[in-house]
Amino acid sequence: MIYRSIVERKLRHAFEALNQGDHAPVLAAFGAPVEHVFFGVHALAGTRRAMSSIVPWYARLKAVFPDLHFDIESLAVTGLPWNTVAMVEWRDRFTLRDGTPRSNQGVHVLRLKWGKVVSLRVYCDTQVLASVLSELQLQGVAEAGLPPIDDRVLAGG
């Protein structure tokens, strides 16, 4: 119970940091080996298994959505310190460059070992996201139209 409370608190802190545009606590939470997956076909999609790919992904996220804000709707943690699964259900909100407010919803599924994130999978409405990224590209946000950062492609696998 105490362990679950600690994990919940750390996850809430990580999302609060993201809401402030600070990715450092999130990046510091990753262990090794690691897997960072965002499904779909868009600029934020792909699978990353190296911090050298994950760090630029978070930089792209901030460039595309500088005012991104997550509201946590529910959070569940199960397992033991060497094999923990956490799920964070969220709704986000952000503003397009023309001032139009937009939002999406989704779930982060995380696997942790000894307090370090070894797997993060993001599930959201990818149709909404792809549409928003297209709008942002038309509004001059070049990063919104870039190919995914996917180190499987870079490594040839």
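Non-local amide H neighbours of Ser119 (under 5 Å, H modeled in plane, Pro and chain starts lacking H): which ones?
For Ser119, whose amide H was placed from the backbone, the distant partners under 5 Å are Glu35, Arg111.
Which one of His23, Ser119, Phe94 is farthest out on the positive end of the charge dipole of the chain, using unit charges on Cβ (Lys, Arg +1; Asp, Glu -1) and the Cα centre as origin?
Ser119
Kindly write out, for the stretch 24-32 in residue order, the coupling ³J(HN,Hα) from the Karplus curve 6.51 cos²θ - 1.76 cosθ + 1.60 (θ = phi - 60°), rounded to whole Hz, with x marking Gly and Pro.
4, x, 5, 4, 5, 7, 6, x, 9
Full-extension gain between Leu138 and Thr100, please, as 0.36 nm times their residue separation minus the C-alpha to C-alpha distance.
On the way: separation 38, 0.36 × 38 = 13.68 nm, distance 1.36 nm.
Gain in length upon complete extension: 12.3 nm.
So, with +1 on the Cβ of K and R and -1 on the Cβ of D and E, and no other charges, what is the size of the charge dipole of the chain about its Cα centre, to the nearest 20 debye?
Working: 17 positive and 15 negative charges, 112 e Å.
Approximately 540 debye in magnitude.
For the stretch 2-152, give the share of DSSP beta bridges that are antiparallel, in percent and rounded to the nearest 5; count only bridges with both residues there.
Values: 34 of 39 bridges.
Percentage antiparallel, nearest 5: 85.
Quick note: the coordinates plus some simple rules give every number you see, no bench work behind them. All figures in this text were calculated on a predicted structure; none of them were measured in a lab. Every residue, glycine among them, receives a Cβ derived from its backbone with ideal geometry; neighbour counts consider all protein chains shown.
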